[in-house]
Amino acid sequence: MVVADSDAELRDNVAGFMSARGYQVEAVPDAAAASGLLQRHRVDVLLFDLALRDPAGTDVLTLAKQAAPWTRCIATSTNSAARERDAALRHGAVRVLAKPLSLLELADAVALARDCAEGFHGWMHRVSMIDVLQMYHHAGQSVVLHIQGEQAGMVAFRDGALIHAEAGALTGIEALTALLKLTHGRFETAVLGEQPRTLSAPFDHLLLDSLRALDEERRTDDGDGDDAALMEWDGVVATPVPADHDGLVRWCSSHAPGAGLWVIQPSRATIDRLDVPGLHPEFELAGTPGAIGWAYELAELGDPGWTRVELTAGSTAISLFRRGERTIALGRLITGDAIQRRFRIECAQLARWLDEKHGGAP
C-alpha cells in the first residue's frame, strides 16, 4: 500500500495504523514520488490527496491509471467540490474520504479496495433489484448490498446465498419483499462482516416467495382476488390475464417481474419489444433479442407448422407462440426450479390470452 500526502503527520498515522493491521506501507510526500513507486513496484492500494499534482500538473489518479491500472485508488480531500469528488469516482477511485480522516472509515475503504482486486467496481444504471441479486447469487459472492431509494435497506450475501435483509424496521423475508417493490434508487456495496442470519432458504425459493407476496398484495390492491381464486393451473393460483394489449403489458410488469414480451415479424425481419424497453433490464442482459431469434430459427427448422415452442439455454428460458403472421415471445432468466415453475404458469396464462384474442394479435 502507498500513502501519498504532503501532511507528514497524516502519513505517519496512516502508515502506523495500516501496518498494525498487517499491510506493508510506503509513505511519500508528493505525486512524483508516488508515480515512481507505481512504476517500480506492483501496488495493490494507493491512498492519495486529490490536491497532489506532479510538476506537469497531472493529478495522482491519472498517473496511477497510466502507470498501474491494476492499482485500486482511494482519494482524500479537505475541501473538494462535489464535481471534483464525482470526477475522481468516475475515473476509478474506489472511495473519496474527507479530511480529517477517520481511521475506521479508512480501514473499511481499504478492505473494499482489497475486495475490488477480483471483479469490476464502478457505477451502473438501468439495472433492477432482481438483476443485482441474481448477479451476486450466481457469482457466489460474499458482500453487503446497501440500497437507497423510497425505501432504504440492505441485503447480505455469503458465498452467493442470501443470509440477511433489512428495510426500515423489517428484517428477513418481509424486508426482502419490501425492497423488491423498489423501481429506482442507488446501490452501494460493502465488505461482508458479522451479520445476523434472518434468511435461510435457498435463493430461488426466497425470490419466488417474495414475488408471490408482491403478487398477492397487488391483486388485493386491484380488487381482483375473487377472480384469481377461480383460476388454477398446476396447483398454483393464477392471476387473471387482461384481454387487451395495454392490459397485458401492465399485467406483465406487475405480475411477471423479470419477464419480457417481444413480437417477431418474419416478413419484416424484426424483433420488437412489446412492453417498455428497459422495463425488465435483467432479461436484456441475457442477449435479447438475439436469443429469441435463435429460438425462432430452431423452431422453424424443427417443424415449419409449429404453433408453440419452449426452449431453455443456460439460464434463459423462452416461450414462442405463433399466431398468423406474428410470433409472440415471452422470456425470463431462470435461477432455479421454483422460477422455472413460475415461468410455465406465465406461459399458460399468455397462451390462454392469445387464444382468446382473435388469433393472438395484441
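The values are calculated or read from the model by the stated rules, or taken from the named source; none is laboratory data. Not measured: the values here are computed from a predicted model. Cβ: placed from backbone, ideal geometry, glycine included. Neighbour counts: every protein chain shown. Please note that ligands, DNA and RNA were not included when accessible areas were found on the heavy atoms of the full protein model with its side chains. Shrake-Rupley method; radii C 1.70, N 1.55, O 1.52, S 1.80 Å.
For the stretch 343-362, give me each residue that is at pLDDT below 80 and either touching a Pro at 6+ places or on another chain (Cβ under 7 Å) or crowded, with 16+ Cβ neighbours inside 10 Å (or both). Residues satisfying the conditions are Q349, L350, W353, L354, K357, G360, P362.
A single member of W306, W262, W294 is farther than 21 Å from L354 by Cα and at pLDDT 75 or above, and it is W294.
Of all residues in the stretch 193-205, those being buried (at least 18 other Cβ atoms within 10 Å of the Cβ) and at pLDDT 85 or above number 3.
Rundown of residues vs (1) open to solvent by 70 Å² or more (accessible area, probe 1.4 Å); (2) among the aromatic types (F, W, Y); (3) more than 17 Å from L192 (Cβ to Cβ); (4) at pLDDT 90 or above, yes/no style:
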| residue | (1), (2), (3), (4) |
| --- | --- |
| A75 | no, no, yes, yes |
| L89 | no, no, yes, no |
| A107 | no, no, no, yes |
| L112 | no, no, no, no |
| C116 | no, no, no, no |
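Every test in (1) open to solvent by less than 100 Å² (accessible area, probe 1.4 Å); (2) within 26 Å of the chain's Cα centre (by Cα) is passed by W123 save one, and that test is (1). Can you name the residue in the stretch 300-320 that is hydrophobic (A, V, I, L, M, F, W, C) and surrounded by fewer than 20 Cβ atoms within 10 Å (Cβ to Cβ) and is also nearest to the chain's Cα centre (by Cα) among such residues? Only one residue tops the list, namely A313.
From the list V43, V96, the one residue that fits, being open to solvent by less than 60 Å² (accessible area, probe 1.4 Å), in contact with a strand residue (DSSP E or B) (Cβ under 6 Å, 6 or more places away or on another chain) and either part of a loop (DSSP other than H, G, I, E, B) or free of Cβ contacts under 8 Å to residues at least 40 places away in the same chain (or both), is V43.
Considering only residues that are surrounded by 15 or more Cβ atoms within 10 Å (Cβ to Cβ) and out of contact with any strand residue (DSSP E or B) (no Cβ under 8 Å at 6 or more places or on another chain), which ones fall in the stretch 78-87?
Matches in the stretch 78-87: A87 only.
Taking the stretch 126-138, which residues are touching a Phe, Trp or Tyr at 6+ places or on another chain (Cβ under 7 Å) and open to solvent by less than 20 Å² (accessible area, probe 1.4 Å)?
Residues of the stretch 126-138 touching a Phe, Trp or Tyr at 6+ places or on another chain (Cβ under 7 Å): 132, 136-137.
Within the stretch 126-138, V132 is the sole residue that qualifies.
The condition of being of a type in the set (K, R), touching a residue at least 40 places away in the same chain (Cβ under 8 Å) and part of a loop (DSSP other than H, G, I, E, B) holds for only one of R126, R114, that being R126.
Residues in the stretch 55-92 that are polar (S, T, N, Q), over 22 Å from V14 (Cα atoms) and without any contact (Cβ under 8 Å) to a residue 12 or more places away in the chain: Q66 alone. Looking only at the stretch 25-34, decide whether some residue is surrounded by fewer than 18 Cβ atoms within 10 Å (Cβ to Cβ), assigned to a strand (DSSP E or B), in contact with a Leu (Cβ under 7 Å, 6 or more places away or on another chain) and modelled with pLDDT of 90 or more. There is at least one residue in the stretch 25-34 that is surrounded by fewer than 18 Cβ atoms within 10 Å (Cβ to Cβ), assigned to a strand (DSSP E or B), in contact with a Leu (Cβ under 7 Å, 6 or more places away or on another chain) and modelled with pLDDT of 90 or more. Scanning the stretch 225-244 for residues that are surrounded by fewer than 19 Cβ atoms within 10 Å (Cβ to Cβ), assigned to a helix (DSSP H, G or I), more than 24 Å from the chain's Cα centre (by Cα) and modelled with pLDDT of 70 or more turns up nothing.
Yes/no per residue for (1) assigned to a strand (DSSP E or B); (2) more than 14 Å from S128 (Cα to Cα); (3) open to solvent by less than 40 Å² (accessible area, probe 1.4 Å):
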position	(1), (2), (3)
G140	no, yes, yes
I147	yes, no, yes
M154	yes, yes, yes
F157	yes, yes, yes
H164	yes, yes, yes
I173	no, yes, no
T183	no, no, no
F187	yes, no, no
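What do you reckon, is L106 in a helix (DSSP H, G or I) and either farther than 17 Å from G122 by Cα or of a type in the set (F, W, Y) (or both)? So L106 passes the test.
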